[in-house]
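K.L.:
Sending over a structure as structure tokens; questions will come in a sec.
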Amino acid sequence: MTSPSVTATKPQAAAPAVPPALSTSAHDAGLLLLRVVLGLTMAGHGTQKLFGWFGGGGISGTGQFFTASGYPAGDVMAVVAGLTETLGGLGLALGLLTPLAGAAVVGTMINAIAVHGAGSFFAPKGIEYELLLTVAAAAVALTGPGRYAADRFLPVLRSHRLVHGALAVALGVVIASALLLVRS
């Protein structure tokens, strides 16, 4: 028999170590930091190509580089690369159209890796920097921008879907591949 003072208790589930609100805030803050640094870095590279800022070659100098690298219409490619890096970078920094912004950076950096070559992994002649930027942009496109982003005000992107990021990254890879095919 059981004594009336002894009652059976159900085992309680262990409380999470970090409250969900805090872990979500940390996740969103981390994504914000990654987006801003990655985005502004890419935007800076784009403005080097477009305007010659930060020691860049501007359209003319960058166009000569693209021509020497085997791309047709070097000046046009300089404008395309400059706009892609600038607008993609600003999109990432703001969290605006994040899947497409990430895809723009992925596509641009695939071409940068192809031009730089795979002679080595580590700098100064390696691809480590370009690869890091490519993977970071793909990760943000796949993960989403977090809560601290302009995408929260766009109904279609308010709640990020993995499929949006995956399709955008695939688009960036396809466009990058097409550009590499026209390179001689």
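The values are calculated or read from the model by the stated rules, or taken from the named source; none is laboratory data. Predicted model only: the values in this text are computed from it and were never measured. Please note: Cβ atoms are built from the backbone with ideal geometry, for glycine as well, and neighbour counts cover all protein chains shown. Areas reflect the complete protein model, heavy atoms only, side chains present, ligands, DNA and RNA absent. Shrake-Rupley method; radii C 1.70, N 1.55, O 1.52, S 1.80 Å.
K.L.:
ASP75 accessible area, nearest 10 Å², 1.4 Å probe?
P.N.:
Accessible surface of ASP75 is approximately 90 Å².
K.L.:
With every protein chain present, what accessible area does ARG183 have (1.4 Å probe, heavy atoms only), rounded to the nearest 10 Å²?
P.N.:
Counting only protein heavy atoms, the figure is 70 Å².
K.L.:
Anything in the chain that counts as a DSSP H helix reaching 20 Å or more along its axis (C-alpha) with Kyte-Doolittle mean of at least 0.5? List them, would you?
P.N.:
Values: long enough: 20-51 (45 Å, 0.69); 74-94 (29 Å, 1.36); 98-116 (26 Å, 1.36); 128-143 (22 Å, 1.43); 162-182 (31 Å, 2.50).
Those that pass (Cα extent of 20 Å or more, hydropathy at least 0.5) are 20-51, 74-94, 98-116, 128-143, 162-182.
K.L.:
What value does the range 77-184 have for Rg/Rh, both radii from Cα atoms and Rh as Kirkwood defines it?
P.N.:
Here Rg/Rh amounts to 1.01.
K.L.:
I need the calculated FRET efficiency for the pair SER184 and TYR148, taking r as the beta carbon distance and R₀ as 35 Å, to the nearest 0.05.
P.N.:
Details: r = 44 Å, r/R0 = 1.25.
About 0.20, to the nearest 0.05.
K.L.:
Heavy atoms only, 1.4 Å probe, whole protein assembly: order VAL173, VAL115, VAL37, VAL140 by accessible area, highest first.
P.N.:
Largest accessible area first, the list is VAL37, VAL173, VAL115, VAL140.
K.L.:
When Rg and Dmax of the Cα atoms in Å is calculated directly from the model, which label among (i) 28.9, 105; (ii) 22.8, 79; (iii) 22.6, 93 fits?
P.N.:
Here the calculated entry is (iii).
K.L.:
Another question, then. Quick check: pseudo-label points 7 Å beyond the Cα along Cα→Cβ at HIS27 and VAL173, how many nm apart are they?
P.N.:
2.4 nm
K.L.:
For LEU87, LEU92, LEU179, LEU157, write out the residues from largest to smallest accessible area, computed with a 1.4 angstrom probe and no ligands counted.
P.N.:
Accessible-area ranking of LEU87, LEU92, LEU179, LEU157, largest first: LEU87, LEU179, LEU157, LEU92.
K.L.:
If r is the Cβ-Cβ distance from VAL135 to VAL163 and R0 is 22 Å, what FRET efficiency results, to the nearest 0.05?
P.N.:
0.65
K.L.:
Evaluate the charge dipole of the range 109-176 about its Cα centre and quote only its size in Debye, nearest 20, assuming +1 on the Cβ of each Lys and Arg and -1 on the Cβ of each Asp and Glu.
P.N.:
Numbers: 5 positive and 3 negative charges, 60 e Å.
In debye, rounded to 20, the range 109-176 gives about 280.
K.L.:
Given a 1.4 Å probe and every protein chain left where it sits, what share in percent of the accessible area of the chain is carbon and sulfur?
P.N.:
Numbers: 7720 of 10590 Å².
Roughly 73 percent of what the probe reaches on the chain is carbon or sulfur.
K.L.:
Among LEU157, VAL173, TYR129, flag the residue with its Cα farthest along the positive direction of the charge dipole of the chain, charges on Cβ as +1 for Lys/Arg and -1 for Asp/Glu.
P.N.:
LEU157
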